[in-house]
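Okay, structure first, notes after.
Please treat every number below as a calculation from the coordinates, not as lab data. Not measured: the values here are computed from a predicted model. Note that each Cβ is placed from the backbone with ideal geometry, even for glycine, and that neighbours are counted across all protein chains shown.
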């Protein structure tokens, strides 16, 4: 049974494209008022306009979640302006692949800053609001969904620090789940395999051929496929928690 999200508020980071954008649309379709967070305000404004023209509710806020103050402020602003916070989708992330030897340290810092610290800042600020929402109508349950990757389960050459960040997301998610699950805050991790998004466009040109060779002619998933999975997780009845979801393209082996 799928439950509606009417009367609830969702926050989605990294919402200006890809999985974040698709998830914002899916949650709005399920009835949630959706706060879309990213750095590209023009894209957020278009997304919010699209959602509202379809009969949904959306609130676009420009913020860089790698900045602790901005991340904390935006979470609190959403809860204040929209009256509550029931669902958080920690989607913002970057994938900068390449050999460890000779890697630009700036790439490592960028991945750790966004994939780990940005996620932690948002989770830390959101948790008090989620715990409050879980005690109240209309659903008496709240959700935080952290977007990891198959790279959080399988290490590969050329993915060392990306692996590190996503394994960290998995470990943090499970620990937080154990801490708050009896208070009806469900903490879930989604681990997508190959998805057609902008992530690959951030990879250095000299590294890209190795990624293309690994993916080959594989039919990759679409952002909407992952959004469907996220929507499934957060629309379960209060008694059901989906702790972990690994999603690969049918043709992907590892």
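If each of residue 182 and residue 124 carries a label point 7 Å out from its Cα toward its Cβ, how far apart are those two points in nm?
Using points 7 Å along Cα→Cβ, the separation is 2.6 nm.
Please give the peptides 22-28, 237-243 ranked by average Cβ packing (other Cβ atoms within 10 Å per residue), highest first, as a rough proxy for protection.
Result, highest mean first: 22-28, 237-243.
Taking only the Cα atoms of the range 8-79, how large is their convex hull per residue, in Å³?
Cα convex hull per residue, to the nearest whole number: 65 Å³.
So which residue, out of 76, 115, 146, gets the largest mean-square fluctuation from a GNM of the chain using Cα contacts under 10 Å as springs?
The residue that fluctuates most here is 76.
To the nearest 500 deg cm²/dmol, what mean residue ellipticity at 222 nm is calculated for the chain from DSSP H runs of n ≥ 4 alone, each contributing -39,500 (n - 2.57), summed and divided by the residues?
Taking each H run of at least 4 residues, the total per residue is -13000 deg cm²/dmol.
Rank these for me by crowding, 11, 176, 199, 105, going from fewest to most other beta carbons within 10 Å.
With the fewest neighbours first, 11, 176, 199, 105 line up as 105, 176, 199, 11.
For a footprinting-style exposure proxy, rank 207, 65 by other Cβ within 10 Å, fewest first. Display every interim value, and only then the final one.
Working: 207 17, 65 26.
Fewest-to-most ranking of 207, 65: 207, 65.
Compute the relative contact order of the range 9-247 as a whole-number percentage, counting only Cα pairs closer than 8 Å that sit 6 or more residues apart in sequence.
Worked out over the range 9-247, it gives 20 percent.
Counting other beta carbons within 10 Å of each Cβ, put 121, 232, 162 in order, fewest first. Walk me through the numbers on the way to the answer.
Numbers: 121 22, 232 14, 162 25.
In order of increasing Cβ crowding within 10 Å: 232, 121, 162.
Nearest 0.05, what FRET efficiency do residue 253 and residue 81 give at R0 = 51 Å with Cβ-Cβ as r?
It comes out at approximately 0.65.
Rounded to the nearest 0.05, what FRET efficiency do residue 101 and residue 212 give with R0 = 22 Å and r taken as the Cβ-Cβ distance? Could you check?
0.55
Whole percent per 10 Å bin, from 0 to the bin with the longest distance: what is P(r) over all C-alpha pairs of the chain?
7, 33, 38, 18, 4, 0
Residues of the range 179-214 with the amide nitrogen closer than 17 Å to a label point 7 Å from the Cα of residue 153, along Cα-to-Cβ, please.
Correct set: 188-195.
Just to verify a number: FRET efficiency for residue 69 and residue 45, C-beta to C-beta distance, R0 = 25 Å, to 0.05?
Efficiency, from the Cβ-Cβ distance: 0.65.
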